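K.L.:
Below is the structure I would like to discuss, written out as structure tokens.
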Amino acid sequence: MSLSERLHPGINLAGTDPESHEAAEEVLFGFWIFLMSDLVLFAVLFATYAAMSVQGIAEGPRPAEVFDLTAAFLETLLLLFSSFAFGFAMLEMKYRENRRGVLGWLLVTGLLGAGFVGMELHDYYVMVTAHGATPQTSGFLSAYYLLTGTHALHVSSGLVWMAVMAVQVVVFGLSPAVKLRLMRLALFWHMLDVVWIGIFTFVYLYGVVS
Amino acid sequence: MAGVTALAMPCAASAAGFLEPAGPVAAAQLSHFGTISALMLIVIVPMFVALPLVLLRYRRGGKGTYRPDWEFNWGLELLIWGIPVALVAALGTALWNHTLKNDPYRPLGPAPLVVEVIALDWKFLFLYPEQGVATLDLLVLPKDRPVTLKLTSGTVMQSFIVPRLAGQIYAMAGMQTQLNLIADATGDFTGRNTQYNGLGFATQSFTTRVVSAEDFASWVTGAKAQPAGLDAAGYKALLPPSVVNEPVIYGRFTPGLFDQIIASFAPGMAGGHQGHEAPAGTGTPAAAAPAAAHQHDAHTPEAAQ
Amino acid sequence: MSNRAPANLPASDIEDEGHERRSYVIGLVLALVLTTGAFAVVWFDLFSGAAALAALGLLAVVQAVVHLRYFLHIDLQRSHRDDLLLILFTVLILLIMVSGTIWILYDQHMRMMP
Amino acid sequence: MNWELIFGQIKWTSFVFAGMIENPSLSEAIASGAGSIAVLGALGTVVLLTVKGWWVPLWRDWLTSVDHKKVGIMYIVLALVMFARAVIEAALMRAQQLAATDGGGFLSADHFGQLFSTHGTIMIFFVAMPFITGLMNYVMPLQIGARDVSFPLLNAISLMLTMAGAVLIMVSLVVGQFSTGGWSAYPPFTGIEFSPGEGVDYWIWAVSLGSIGSTLTGLNFAVTIYKKRCPGMSLFRMPLFTWTTLCTSILMIFAMAPLTAATIMLALDRYAGFHFFTNGDGGNMMNYANLFWLFGHPEVYILILPAFGVWSEVVATYSSKRIYGYTSLVYATMCIAVLSFAVWLHHFFTMGQSANVNAIFGIATMIIGVPTGVKVYDWLLTMVGGRIRLTTAMLFHINFLLTFILGGMTGVLLANPGIDFQVHNTLFLVAHFHNMIIPGVLFGMFAAVQFWFPKAFGFRLHEGLGRASFWCFAPGFLLAFFPLYWLGMMGATRRTFTWSNPDYLPWFALAMLGAALILAGFAFMVMQIVVSVRRRAELAAPLGDPWDGRALEWSIPSPPPAWNFAVLPQVTARDAFYEAKKDGTAYRSPAAYEDIEVPRNTATAPLIGLFACAWAFGLVWHIWWLVIVSFVLIWAVVIARSFATHTEEIVPAATVKAANEAFLAAVRATPGVTRDQEMTAANRGRAIPESLEASAGALAAGAAVEVTR
Ligand code: HEA
Ligand code: HEA
Ligand code: CUA
Ligand SMILES: [Cu+2]
């Protein structure tokens, strides 16, 4: 078997660390499956939102009245760059086993991610104070808060996870176990990006267009 | 409260379900049931015949030859895939035709009698907009005339059925569903809610009384003479959960009540779409508005304007 | 160069850092272009109505693929096929659930307005 | 002192006994009786454990274990405990419905509502699901020649989460009330406006815990089957039970998410005033039905597929023959799994959508009949050319073939919207699904127990009592549920605690009789287990192969050692062990032994389960400090665990060798038995393959050793 053969899909160690690569086979595949199940959860929330954003307005505001497109765009950029930064953390881990490099890039990723969560909380604050748009106002807003809130919750747990991993990098160094956990976190983080693309498009952009 | 006429006396209605249809819709459902069952026998019977034979022959000590490695045969394979496929094609066609033809929303003829049905805990309110009368837990219908029921709920989701006339359909707050039927026999038929909705669910049934056209006309006349009427306040009084022991007949009701009930849950939905001819509210605006059904809707009486 | 790769490994088997870094950069650039594009469609009203929705939807799908390809490194050529199939099966499930739900809820909505 | 801060909404009157004291009635007496049984049962267990000094072994050998075999057995024990409660509830409902003509009966409407809700919820989530999960846990790794599942600790966590859900439901017997919304919990009835109080919250959190557990199980099993098959075990050499396990796992991975979404939304409506499913304010309860059945329909196939796997193993083994149409069985299973995601609307044909939507989903539903029919006839053909032994498991199989197709037929009837309009929500539907679940799933599990019990415990179950239970169960089921078809067609609705139609009475009487027979069958089953345990010396089959088995699990000792396989097997064909026996390559000593790594026991999983249970209880009763503390603790345990390093221990090669060589020596020293001796004391688990029996005059005696060469 050639070492560069992918034992599992997605981000790989392949030839750089054969021992960890073998160990990665099951855990990474398992994590992919977890992500897929999570994706189905998001899909269901999207479908619910798609229906409620039209049928569930009741007497509350319409999407276009409460969304701040510029903020959403900036949030997209934050998340995008944080994903990119995580990519560089992975490069440091994979090709150099450089703890400082990994920690540095994780810090950048985390800050950008925290910035994202902060902006989103600010969005909520504005919606509630300026428009009175609470989740209790209408079915549409319930669905909106649940969808974006679930995503934000995922990002926040990603941040906690990242903090734990930073400690583990310090304590254990880049041991095989730590490497595999970082790889899973990377998958998680990138996948949240994909979900956000969906939110940005189907919630914010669609909401403003229609 | 409201008076009860002799006609509205409850009686032990036959409950033999759709096995004794009293209208074309239920009859079609029964005959479809027969068709599908008969077709299914094509694959059920062989199992009942073959299994005992196989057991007899291949039981330990039986006559059959032992072929431990036999595991496949193209002919048989074709049979066990082919027959079900063909059968499903037949069943599917029957299903398609029957379903499209018997869509409960499809009117069964011109000039149907329209009855508006409001599902409540644990009773049904019937409004006859054309006749201007209303009943509680009593549905009187003329024989042989198409009937269009429009249904909504003033409470949780329920499911309305009169098995001998037609199958069920859900009734939901803020929405309107439809059921079309014709009765071709006179008599009393039980109808009920089939969707669990709390303590009184078991006893939430009502009498459907099918009478001749003339009797229907005279029933309407008699009903109109009833002193009691139903307005928004009266409707509100019906909202608390209760079981009705004796049917009630109202000589008149506030026109547009049905739409207002829907609008109390889904403002902006009622009236907007197909323009209901019934003008909203003849009484004072406040009286015409069905008061908010439940605490959560306390801010939606705008429908009254 | 990687630090633990056995010395005798054929060159073609070794992951190449430059290549992988390029992948992240390409991903970022494409994602930026696509996101900004989508934003521009709305901001400058480039299309209207259904055309806008279609364009935005398309951009989102493309961008999702970009992320999968360049950030998550999903790679149709080199992956373990069976594994990938299970993952791609998700797409089928997603489509059934989302389109089914939307179809059903819209149909019901249309039929239940008084 | 603000008690609400500490106890949330729990009050003195929340305890079931308070109702009895303040407002005595028969219904209340039954409720507090049930509560007392739960309390006494728990107390009794505690006393027993203390007296016998079993606490330590329980903790050390079981609760902290991550061995898939022990986890599997714990799942099944959990299922049986919950089964006892749910069956009693079923009997109560039957008795009530018989007695209830014209307002008679002994249960209040509210109590009846809780009964069908807990019965349905428990049976589906805490009986059927744990049972199949336990079985898959035990058998699947053995069938693919693996030492454990891919993620043993995760496996234990799934178990403990499921157990936490089950405990929560048991607690609802004593503290507060359960939901009356049925197992499907349709809002707006289950919304806060119409169901205030804790009942629906119990449902929400119990089901959520179970469903998280199932998702993780599905993930774990799918990875195990993908990644841990022994050398040579290609996908198309896997035993059929493993195939159905794979398909079930995939269903679990995808089907649980919509349920989670639905319960979260319902919880947000109830706890935070959101408007997903409320009347008004833009809520839409139709979406709840949609989401619930997006899960609910695949769920019923999650239940039936493993049972199909069991039936495949049983019919081939007791016919002493290869399964007919292996490939078509595999493809049929896949078809069913995929199709099951495309039919969910058939549970709400009567919601009011267009005829073409109904028709399309109706036809999609019918199409499932094709692969199911293929399977049914494949099983029939498997018997053709075999030598069928009518053992208990096989009797259940025959009963299954005959009754299941009738249930399938009524399913196809229900798939016709026009017919469903009439029988939806009636007892016809109740009859349909019990007809699928009892002869299909539960009897399948029963057959599985007869079949694999000797593998897990080293001795067979008493055959005579097994048959006796069968002869109660089979007619009992027919009597208990076929009258319901007729009642449903006469218009009798489900979930109805009292009747006014005298025509129903004889049919309910029949149904009650059937339920009584079923209960007798259950008694025989309990007796069977007790008697078998007593006579375990005589029934012992430690050599591992009492039924002339076909797949790898029969090639190892009973019960298997912690590491399952001394050396990972190498497979070259389907029915690997049977072929090896035939070729005389079975029971060979391996060339060399190696050290084996097995995971160490850990308290991680039971702690997570404990805190999850506390968390859910806090949520039910709005005890916010408990919610926060236990939530933090759950994650603290997880994070702490991620810092643990010595999670494995080594079994030295010498230990493995000693055990395995002793086993092989015992096998070689024991004469093989023919199938005629299967149920006699001679059967120690060393089988002469049926196909060699003809030439086995000599083999039957000590010469059997020769077969192994
Ligand atoms: C797994 C699912 C399951 C099972 C097994 C059962 C078993 C039974 N059920 Fe249940 N039932 C449901 C799922 C199930 N039910 C559901 C989902 C509902 C709907 C709830 C709702 O309305 O929301 C329901 C509702 C329901 C009702 C309410 C009907 C109504 O709405 O009016 C009734 C009424 O009597 C009933 C009766 C019974 C009876 C008599 C049994 C049993 O007594 C049958 C006896 C059991 C057996 C014959 C199996 C024995 C064998 C084993 C368990 C193997 C174990 C083996 C070993 C350890 C060796 N059921
Ligand atoms: C193990 C459980 C199980 C299984 C296997 C099935 C299998 C099937 N079920 Fe059932 N079902 C339930 C459990 C199950 N069901 C439950 C629990 C509910 C109700 C939940 C609730 O409301 O509380 C329900 C409800 C339910 C409904 C909703 C009814 C209603 O709410 O009004 C429908 C409607 O289509 C349906 C259909 C079917 C069909 C078509 C199959 C098919 O898979 C059957 C396939 C089998 C055969 C057809 C027989 C063998 C085949 C042949 C002999 C070959 C040839 C046949 C043909 C070509 C047709 N089921
Ligand atoms: Cu439903 Cu408008
Ligand atoms: Cu179904």
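Every number here is computed from the coordinates shown, using simple stated rules; none is lab data. The structure presented is a predicted model; accordingly, all values stated were derived computationally and were not measured. Cβ sites come from the backbone with ideal geometry, for glycine too, and all protein chains shown count toward neighbours.
K.L.:
When only C-alpha pairs under 8 Å and at least 6 residues apart count, what is the relative contact order of the stretch A:80-210, in percent?
P.N.:
Worked out over the stretch A:80-210, it gives 28 percent.
K.L.:
Once phi is turned into ³J(HN,Hα) by the Karplus curve 6.51 cos²θ - 1.76 cosθ + 1.60 with θ = phi - 60°, what whole-Hz value does each residue of the stretch B:178-188 show in order, with x for glycine and proline?
P.N.:
9, 9, 10, 7, 9, 9, 10, 9, 8, x, 9
K.L.:
Quick one: go through the stretch D:118-160 and flag any residue whose amide nitrogen is under 19 Å from the point 7 Å out along the Cα-to-Cβ line of D:Thr585.
P.N.:
D:143-146
K.L.:
Of D:Val526, B:Ile80, D:Thr278, which is farthest on the positive side of the dipole of the protein assembly as shown, counting Cα position, with +1 on Lys and Arg Cβ, -1 on Asp and Glu Cβ, and the Cα centre as origin?
P.N.:
Value computed over the given set: D:Val526.
K.L.:
Rounded to the nearest whole Å³, what is the per residue volume of the convex hull around the Cα atoms of chain D?
P.N.:
On the way: hull volume 112.8 nm³, N = 709.
Convex hull of Cα atoms, per residue: 159 Å³.
K.L.:
What's the FRET efficiency of A:Val128 with B:Glu246 using the Cβ-Cβ distance as r and R₀ = 51 Å, to the nearest 0.05?
P.N.:
With R0 = 51 Å, the Cβ-Cβ based efficiency is 0.50.
K.L.:
Can you compute the FRET efficiency between C:Asp75 and D:Met334 using 1/(1 + (r/R0)^6), with r the Cβ-Cβ distance and R0 = 25 Å? Round to the nearest 0.05. Can you show the working numbers first?
P.N.:
Values: r = 26 Å, r/R0 = 1.03.
For C:Asp75 and D:Met334, the calculated efficiency is 0.45.
K.L.:
When ranked by the protection proxy of mean other Cβ atoms within 10 Å per residue, highest first, what sequence do the peptides D:631-641, D:27-37, D:350-360 form?
P.N.:
Highest to lowest by the protection proxy: D:350-360, D:27-37, D:631-641.
K.L.:
Hey, what angle do you get for helix D:653-669 against the long axis of chain D, alpha-carbon based, 0 to 90 degrees rounded to 10?
P.N.:
70 degrees
K.L.:
Helix D:109-121 against the longest principal axis of chain D: what's the angle in degrees, Cα atoms only, rounded to the nearest 10?
P.N.:
With rounding to tens, the tilt is 30 degrees.
K.L.:
Angle between the Cα long axis of helix D:463-489 and the longest principal axis of chain D, 0 to 90 degrees, nearest 10?
P.N.:
30 degrees
K.L.:
Who wins for biggest fluctuation among A:Ala64, A:Ala24, A:Ala130 in a Gaussian network model of chain A, springs between alpha carbons below 10 Å?
P.N.:
A:Ala130
K.L.:
Pairs of Cα atoms under 8 Å, at least six residues apart: use those to get the relative contact order of chain D, whole percent.
P.N.:
It comes to 16 percent, rounded to a whole number.
K.L.:
Report the FRET efficiency, 1/(1 + (r/R0)^6), for D:Ala644 and C:Leu58, where r is their Cβ-Cβ distance and R0 is 51 Å, rounded to 0.05.
P.N.:
It comes out at approximately 0.60.
K.L.:
From other protein chains only, count the Cβ atoms within 10 Å of every residue's Cβ in C:21-30, then give the mean.
P.N.:
Partner Cβ neighbours, averaged per residue: 3.
K.L.:
I would also like to ask the following. Tell me the Kirkwood hydrodynamic radius of the protein assembly as shown in angstroms, computed as one over the mean inverse distance between distinct C-alpha pairs.
P.N.:
33.3 Å
K.L.:
Now for a different question. Taking the highest mean first, how do the peptides D:679-685, D:382-388 order by number of other beta carbon atoms within 10 angstrom per residue?
P.N.:
Listed from highest to lowest mean packing, they are D:382-388, D:679-685.
K.L.:
Hey, got the average number of other protein chain Cβ atoms within 10 angstrom for residues in B:159-167?
P.N.:
Average neighbour count from other chains, rounded to a whole number: 4.
K.L.:
Show me the GluC sites (Glu not before Pro) within the stretch A:1-109 that DSSP assigns to loop and that have at most 15 other Cβ atoms within 10 Å of their Cβ.
P.N.:
A:Glu5, A:Glu59
K.L.:
Another question about this same structure. Do you know the relative contact order of the stretch D:66-131, to the nearest whole percent, from alpha carbon pairs under 8 angstrom that are 6+ apart?
P.N.:
Computed over the stretch D:66-131, the figure is 52 percent.
K.L.:
May I ask which of D:Lys70/D:Lys228; D:Lys375/D:Lys582; D:Lys321/D:Lys581; B:Lys150/B:Lys224; D:Lys455/D:Lys581; D:Lys70/D:Lys582 have a Cα-Cα span longer than 23 Å here?
P.N.:
D:Lys375/D:Lys582; D:Lys70/D:Lys582
K.L.:
Kindly work out what percent of the DSSP beta bridges joining two residues of the protein assembly as shown are antiparallel, to the nearest 5.
P.N.:
65 percent
K.L.:
Moving to a separate point now. Fewest to most neighbouring Cβ within 10 Å: what's the order for B:Lys123, B:Lys101?
P.N.:
B:Lys101, B:Lys123
K.L.:
Could you give the semi-axes, largest first, of the ellipsoid that matches the stretch B:24-101, computed as the square roots of 5 times the alpha carbon gyration tensor eigenvalues and rounded to whole Å? Each step should come with its number before you reach the end.
P.N.:
Working: eigenvalues 281, 52, 6 Å².
Largest first, the stretch B:24-101 gives 37, 16, 5 Å.
K.L.:
Is there a simple number for the mean count of other chain Cβ atoms within 10 Å of the Cβ of residues in A:22-34, and what is it?
P.N.:
Partner-chain Cβ atoms within 10 Å, mean over residues of A:22-34: 6.
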